[in-house]
Amino acid sequence: MLRGKLVITGFGIQLGRHLTRRVESELDKADVVLAMMDDFSLTWLKGKYPALIDLSLLYGKDGQKDRRQTYREMELAILEPLRAGKNVCAIFYGHPGVFADVPHAAIKQAREEGYEAIMEPAISADACLYADLGLDPGMSGLQSYEATQFLVYQRPLDPSALVVLWQIGVVGDLTCTQFHTYSDRVQALVTKLLRWYEPEHEVILYEAAVLPIEGHREERLPLSELPNASFKTITTLVIPPKLEWLADHEALASLGVTEDALL
Ligand SMILES: C[S@@+](CC[C@H](N)C(=O)[O-])C[C@H]1O[C@@H](n2cnc3c(N)ncnc32)[C@H](O)[C@@H]1O
């Protein structure tokens, strides 16, 4: 094992409140701390770690830089001090392993190069969602997709499960350069969702509170109204289940029971 260790961890969603002792101890031990989070959280964390390196500076202006290039640069910024034998801690908002390319790529690369590299879990946006909206994914099952990926590929959808679509705020941007979406792109997503849902099916635009002084956004609206809604880059689309579970008679028969056993 080479000298130098990489720890990639998460800040959680809400400023200060989701940071665990474990994460703080990793930050304290690190020679180099890099962070990717919103401005308020970054300023707060910089108060504790003044030498912190702000990875968000690597993003380009809206419409100008391919995010995949930004991600490669972030990965390099994390790996460079590691290759110099430093103990590196990179902290990302939310859970570092949930809908996050750079943490997984950096850990994989570091391990391939012979360094110790670990990921510490943290509170993600969907963890907040279950609490704020009172939705238990265990009740109906859960389908969770990146919104653009769901739109442009033939992905199956089970409307009897809870559906969570991430990155609705940039849905349809195939250039990976934009930080906003357009109503015609949201309409394309709605048109696709109408294969499974009625236009009046209620959906929820969800934003977990980032600052302890604010509440979460929980905007309920009919699916067909989605193109007129407003979106931020942190907005997540939640589609509650259509409760139409059909019994699997073959499986029930293999248990020696009928549908009556389900009531
Ligand atoms: C690149 S992913 C990062 C997710 C993050 N790693 C996590 O653990 O939640 C960005 C997407 O996460 C969701 N997200 C991030 N912050 C959120 C928040 N405060 N409320 C609701 N969803 C959020 C949105 O769908 C957003 O487009």
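The alpha-carbon atoms of the stretch 2-123 define a convex hull whose volume equals 97 cubic angstrom per residue. According to the Cα-based calculation, Rg over Rh for the chain is 1.03, with Rh computed by the Kirkwood formula. Spin-label model, K65 to E225: label points 7 Å out along the Cα-to-beta-carbon direction sit 3.8 nm apart.
Among all the lysines, which ones have a C-alpha under 18 Å from K192's C-alpha, if same-chain residues fewer than 8 places away are not counted? Output for K192: K242.
Using the reciprocal of the averaged 1/r over all distinct C-alpha pairs, how large is the Kirkwood radius of the stretch 60-186 in Å?
Details: mean 1/r = 0.0590 Å⁻¹.
Over the stretch 60-186, the inverse of the mean reciprocal pair distance is 17.0 Å.
The ranking of Y93, Y71 from fewest to most other beta carbons within 10 Å of each one's beta carbon is Y71, Y93. The fewest-to-most ranking of F179, F11, F92, F40 by surrounding Cβ atoms within 10 Å reads F40, F179, F92, F11. Spin-label model, T175 to T20: label points 7 Å out along the Cα-to-beta-carbon direction sit 4.0 nm apart. As a proxy for reagent exposure, ranking M37, M139 by other Cβ atoms within 10 Å from fewest up yields M139, M37. Principal-axis analysis of the Cα atoms of the chain puts helix 101-112 at an angle of about 60° to the longest axis. Over the stretch 8-79, all Cα pairs binned in 5 Å intervals from 0 give whole-percent P(r) values of 3, 15, 24, 24, 18, 10, 4, 1, listed from short to long.
Springs join every pair of Cα atoms under 10 Å in this Gaussian network model of the chain, and among L221, L129, L55 the largest mean-square fluctuation is at L221. Kindly work out what percent of the DSSP beta bridges joining two residues of the chain are antiparallel, to the nearest 5. Among the beta bridges of the chain, antiparallel pairing accounts for roughly 35 percent. Within the straight-line cut-off of under 28 Å between alpha carbons, the lysines reachable from K5 are K29, K46, K48, K86, K108, sequence neighbours fewer than 8 places apart in one chain being disregarded. When only alpha carbons of the stretch 125-239 are considered, Rg and Dmax amount to 13.5, 41 Å.
Residue separation of D248 and F40 scaled by 0.36 nm, minus their Cα-Cα distance, works out to 69.8 nm of gained length.
Values in this text are rule-based calculations from the coordinates and carry no lab data. Quick caveat, the model's predicted, so the values are computed rather than measured. Backbone-built Cβ (ideal geometry, glycine too); neighbour counts: all protein chains shown.
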